[in-house]
Amino acid sequence: MTSASTSIDFTVGSRRLLSVGRELSTWAFTLQDVLAADDAPLSAPQSGPDGVRVLSAPRSAVPAIRAQFPQHLIGGRQDYQRHYIDMRPAICPSYENYLARFSGKTRSTLRRKQRKLASEAGESFAITEHRTAQEVEAFLKAALPLSAKTYQARLLDAGLPETPEAHKEMLAKAEASEMRCYLLHTGGAAIAYLALPITGETLVYAHLGYDPDWSRWSPGTVLQMEALERLFAEQRFAYFDFTEGTGSHKAMFGTDSADCASFVLLEPTLANRALLSGRAGFDNMVAGTKSLAARTGALGKMRGLLRA
């Protein structure tokens, strides 16, 4: 059994206000597990010193998961749609077939974003693909400084991993032809990156980031489209997995989704009871404030302030 220090976060939108550490083992479900639904494997890990973190479990399997840790306290639960693209040839044989799933208006909007960014960037506009270990090293050299500027890194500590161990793992996957990384360049610098580890026939949406100074030109969307066109052309992959959590980007690009839940199961100590009670109260307060802001028309402004 291995466990790692895991933060239980108190967040408002994309801004993390407080983080409390716990030593947890991780029970993560792959997309194949999720698609199996009631037949998903339920081989639980041994609990860490403070409990277990469950990531993207099929929602229907939550009672069975809880039953394996009957004394633990459940908390921090998030229910969401796990979005994915079904790339199987029998379902979606080409990028053109994939685009045909969008409405005419959406296709027009996406193409317009591509043209606007290319026009703004001029002749320096370029998208590079990185597969080999040497290429992924070059990707990291260009993408890590950019990652530090993104709101994911600044507010959520969710930028590209910076540890030597994480880089070694990425390079090992590249050696095994199990990495696809992409950079969007302009003016000699990267302004967007996308990193996709491969598990079997599934592309895993691990990291996407872009320079906030270029946000009005939607570089993340443009890079996503270019990457998908190239990936469909390979005719190697069955799924593009947007993993746990939700978001407009995932919902727009996904063709399908599955009901999932993420949560923690903590040892029933007094400290853990207080932590989960405080987190639940905080989440209820945030939900109430969000509802009020939506009714008064202030929600958009609040989101802008939180991402600043």
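The values are calculated or read from the model by the stated rules, or taken from the named source; none is laboratory data. These numbers were taken from a predicted model, which means no experiment stands behind them. Cβ placement follows ideal geometry from the backbone for every residue including glycine, while neighbour counts extend to all protein chains displayed. Side chains included, ligands, DNA and RNA excluded: accessible areas come from the protein's heavy atoms. Shrake-Rupley method; radii C 1.70, N 1.55, O 1.52, S 1.80 Å.
Brief remarks on what is shown
- Boolean, Q78 is under 23 Å from the mean Cα position of the chain (by Cα) and open to solvent by 20 Å² or more (accessible area, probe 1.4 Å): yes
- In region 7-18, the residues that are open to solvent by 60 Å² or more (accessible area, probe 1.4 Å) and either under 20 Å from F240 (Cβ atoms) or not hydrophobic (A, V, I, L, M, F, W, C) (or both): G13, R15, R16
- The listed residue being part of a helix (DSSP H, G or I) and under 24 Å from the mean Cα position of the chain (by Cα), out of A121, A143: A143
- Any hit, region 253-265, residues being over 30 Å from I8 (Cα atoms) and either modelled with pLDDT under 95 or open to solvent by 30 Å² or more (accessible area, probe 1.4 Å) (or both): yes
- Verdict on E234 being closer than 30 Å to S177 by Cα and either surrounded by fewer than 17 Cβ atoms within 10 Å (Cβ to Cβ) or touching a helix residue (DSSP H, G or I) at 6+ places or on another chain (Cβ under 7 Å) (or both): yes
- Pair list, Cβ under 7 Å, 6 or more apart: region 248-268 residue farther than 22 Å from R88 by Cβ, other residue aromatic (F, W, Y) and not in a strand (DSSP E or B): L265/F69
- Hits in region 61-103 - residues which are touching a Gly at 6+ places or on another chain (Cβ under 8 Å) and assigned to a loop (DSSP other than H, G, I, E, B): F69, H72
- Residues within region 158-172 that are more than 19 Å from the chain's Cα centre (by Cα) and closer than 15 Å to F139 by Cβ, tallied: 3
- In region 35-60, the residue that is farthest from E23 (Cα to Cα) out of those that are in a strand (DSSP E or B) and either open to solvent by 70 Å² or more (accessible area, probe 1.4 Å) or of a type in the set (S, T, Y) (or both) is S56.
- The condition of being within 30 Å of V54 (Cα to Cα), small (G, A, S), modelled with pLDDT of 95 or more and not in a loop (DSSP other than H, G, I, E, B) holds for only one of A172, A233, that being A172.
- Close pairs from region 212-238: first without any contact (Cβ under 8 Å) to a residue 24 or more places away in the chain, partner in a helix (DSSP H, G or I) and surrounded by fewer than 19 Cβ atoms within 10 Å (Cβ to Cβ), Cβ under 6 Å, at least 6 apart: none
- Lone qualifier among L160, L194 - being in contact with a strand residue (DSSP E or B) (Cβ under 8 Å, 6 or more places away or on another chain), within 23 Å of H83 (Cβ to Cβ) and either open to solvent by 30 Å² or more (accessible area, probe 1.4 Å) or at pLDDT below 95 (or both): L160
- Count - residues of region 19-34 that are more than 20 Å from the chain's Cα centre (by Cα) and surrounded by fewer than 20 Cβ atoms within 10 Å (Cβ to Cβ): 3
- The residue that is nearest to E234 (Cα to Cα), counting only those in region 107-125 that are open to solvent by 40 Å² or more (accessible area, probe 1.4 Å) and touching a residue at least 12 places away in the same chain (Cβ under 8 Å), is Q114.
- Filter result for the condition that a residue is closer than 24 Å to E234 by Cα and among the charged types (D, E, K, R), over K173, K168: K173
- Reported count of residues in region 1-41, each being among the hydrophobic types (A, V, I, L, M, F, W, C) and out of contact with any strand residue (DSSP E or B) (no Cβ under 9 Å at 6 or more places or on another chain), is 1.
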